[in-house]
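One structure is given here, and the rest of the page talks about it.
The values are calculated or read from the model by the stated rules, or taken from the named source; none is laboratory data. Everything quoted here is computed from the prediction, not taken from an experiment. Positions of Cβ are generated from backbone atoms using ideal geometry, with glycine treated the same way; all protein chains shown enter the neighbour counts. Ligands, DNA and RNA are excluded from the accessible area calculation, which covers all protein heavy atoms including side chains. Shrake-Rupley method; radii C 1.70, N 1.55, O 1.52, S 1.80 Å.
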Amino acid sequence: MDFISCKFLACSQKPFAFPEIELPINAPRRARMDKSHKYYVNGAWVDPVAYRDFEVIHPGNEEVIATIALGSSSDVDHAVAAATEAFNTWQFSTVDERVALLERMIIAYEKRSEAFIKVMSQEIGTTLSFSREVQMPVGIGHLEAAIEALKAHQFERPSLRGGSTLIDEPVGVVGMITPWNWPVNQIMIKVAPALAAGCTIVLKPSEYSPLSAIMLAEVIDEAGCPPGVFNLVNGDGPGVGEAISAHPGIHMVSFTGSTRAGKLVTKSAANSIKRVTLELGGKSPNLFFADADLDAAARISVDACFINNGQSCDAASRLLVERKIYDEVVERVTQIVENTKVDDPMKEGSHIGPVVNKKQFEHVQRLIQVGIDDGARLAAGGLGRPAGFNKGYYIRPTLFADVTNDMEIAQQEVFGPVLAILPFDTEEEAIEIANDTPYGLAAYIQSTDQERIHRVSRKLRAGVISVNGKVGDYDVPFGGYKESGNGREAGPMGFHEYLETKAITM
């Protein structure tokens with residue numbers, strides 16, 4: 001699949017209106033959601049034990065669109081108790097019962113597709129077109145992949161030498177902590193395989209994208225999920241995330257977020273020796289060789305960095321270019337970056353929107369300034385908002401050239417539309433620079449030499465390799481090396497993360 005089309009395989013969906021959370025496209029207002037101050041626990045919408053108000057801000061205009069309740073460890077205790085009780089039954093559910101639930105979830109999700117598109121654009125600033133083409137369809141894709149993995153899995157099998165029986169069973173109660181940048185994707189890539197495996201769930205979505213998570217809980221409820229199998233508690237990291245990580249009643253934590261937070265989750269989970277899977281940050285290299293199709297590769301290189309307004313953990317934010325074509329590529333990429341449009345996320349189009357919040361805006365601005373101070377050449381963009389914007393967390397699409405790999409702009413995750421270009425002379429040097437990072441989530445190759453592609457792919461220390469803009473289907477495992485995390489998500493490997501294996505010898 002071509003990277004320019006979209007990052008994940010997009011399904012063709014007919015949109016449906018969802019009147020309960022219908023917000024105007026051009027003038028978002030405070031959402032009146034009856035469930036915004038409630039949590040979904042044991043099959044019902046319940047009041048928090050204790051909470052603090054948290055305002056959800058539209059990043060395009062800085063207006064409050066909803067107020068939610070941030071929970072506490074007491075709310076986590078309530079959800080874990082419900083999940084523990086439900087696990088006693090759900091772990092013994094049949095494959096057919098689990099498949100039927102996931103299929104009903106697809107139907108309920110599809111009915112609300114247009115509402116998910118609007119809400120995600122209002123929560124995180126992804127454009128309506130990108131939400132429709134990519135952010136919304138991934139929910140269906142991961143559900144379908146989980147169904148396929150479930151149907152294909154052999155839960156009981158003989159050992160290789162015979163004499164014993166190996167049985168795969170659900171790991172138990174799973175705590176899930178998800179980020180804001182791909183709200184539906186990061187929830188469904190965990191929830192779908194966990195339900196398929198027979199686990200029960202306590203989910204803490206990001207407090208910056210809670211509205212889509214509340215809608216997903218409604219979808220799961222509408223699909224007839226048994227009480228206690230899926231539970232949602234809104235909150236922040238210190239209040240709810242830490243309680244989930246440390247809770248002795250949770251058998252596994254699946255976390256997606258920053259490397260810094262991933263380390264805290266791991267330490268917090270250590271006392272109870274629970275399983276921890278992490279999908280963390282990245283500073284992904286894009287190796288651009290002289291034999292590449294220059295026009296196509298230049299466009300792919302910008303798209304691979306600026307996708308989702310630059311807010312993807314696997315963004316190709318380090319562009320390594322062979323020196324013999326370096327000046328020409330810099331010129332082509334500069335023109336593409338300069339022509340990248342920034343506009344209101346609530347408009348249809350190929351433009352990019354704002355970053356998610358003020359904190360992220362200030363983080364990106366600081367790193368742009370650091371890049372300038374460190375001596376990188378500012379080829380496009382720079383500090384401040386784009387022309388015509390005096391409100392909203394909009395970033396000028398920015399390109400740094402003549403970057404060296406020891407600069408902070410080449411080592412630290414920016415999470416915004418900022419691309420750094422570095423030259424290299426030989427294939428070996430390109431590989432060395434690419435691997436010279438604490439991260440190892442993704443890597444990209446632009447080349448027409450098949451032998452080189454194979455050779456370089458084997459030497460790159462990254463979990464996901466994209467060649468000439470192609471990306472994997474929903475059955476392909478996603479995850480990284482080094483400080484980009486451990487474990488894999490999506491498809492059969494992601495499904496297997498939620499299983500324990502029991503050996504019975506008679």
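Things to note:
- Across 38/274; 283/470; 274/482; 151/482, pairs whose alpha-carbon gap is larger than 24 Å: 38/274; 151/482
- Shape index of the chain: Rg/Rh, with Rg the Cα radius of gyration and Rh the Kirkwood radius from the inverse mean 1/r over Cα pairs, equals 0.97.
- Antiparallel content of DSSP bridges confined to the chain, in %, to 5: 40
- Distance from the stretch 360-398 to the stretch 305-343 (C-alpha centre basis), Å: 15
- Gap separating the Cα centres of the stretch 245-273 and the stretch 124-180, nearest whole Å: 20
- Accessible surface of the chain, 1.4 Å probe: 51 percent of it comes from carbon and sulfur atoms.
- Scaling against 2.2 N^0.38 Å puts the C-alpha radius of gyration of the stretch 204-285 at 1.20.
- Accessible surface, 1.4 Å probe, highest first, among residues 358, 38: 358, 38
- Packing-based order for 278-287, 489-498, using average beta carbon neighbours within 10 Å, highest first: 278-287, 489-498
- Probe 1.4 Å, accessible area per residue of the chain, Å²: 38
- The magnitude of the dipole of the stretch 376-506, with charges of +1 and -1 set on the Cβ of Lys/Arg and Asp/Glu and taken from the Cα centre, is near 480 debye.
- Burial ranking of peptide ranges 64-71, 200-207, 325-332 (average Cβ count within 10 Å, highest at the top): 200-207, 64-71, 325-332
- Using a Förster distance of 35 Å, the FRET efficiency for residue 503-residue 457 (Cβ separation, nearest 0.05): 0.45
- Exposure ranking of 377, 385 by accessible area [1.4 Å probe, largest first]: 377, 385
- Using a probe of 1.4 Å, the accessible surface attributed to residue 225 totals some 10 Å² when neighbouring protein chains are kept in position.
- Each Lys and Arg Cβ is given +1 and each Asp and Glu Cβ -1; about its Cα centre, the chain then shows a dipole of about 560 debye.
- With the convex hull of the Cα atoms taken as the outline of the stretch 353-408, the averaged projected area works out to 3.9 nm².
- Relative to the longest principal axis of the Cα atoms of the chain, the long axis of helix 95-111 lies at roughly 50 degrees.
- Per-residue ³J(HN,Hα) for the stretch 128-137, Karplus 6.51 cos²θ - 1.76 cosθ + 1.60, θ = phi - 60°, Hz, x for Gly and Pro: 4, 5, 5, 4, 5, 7, 10, 4, 6, x
- The accessible area of residue 37, taken with all protein chains in place and a 1.4 Å probe, comes to roughly 50 Å².
- Toward the positive end of the charge dipole of the stretch 121-196, with +1 on the Cβ of Lys and Arg and -1 on the Cβ of Asp and Glu, the farthest Cα among 137, 155, 186 is that of 155.
- Cα centroid of the stretch 46-93 to Cα centroid of the stretch 457-484, whole Å: 33
- Cα-based reach from residue 347 at 15 Å (exclusive), listing aspartates and glutamates while leaving out same-chain residues under 8 positions away: 114, 123, 133
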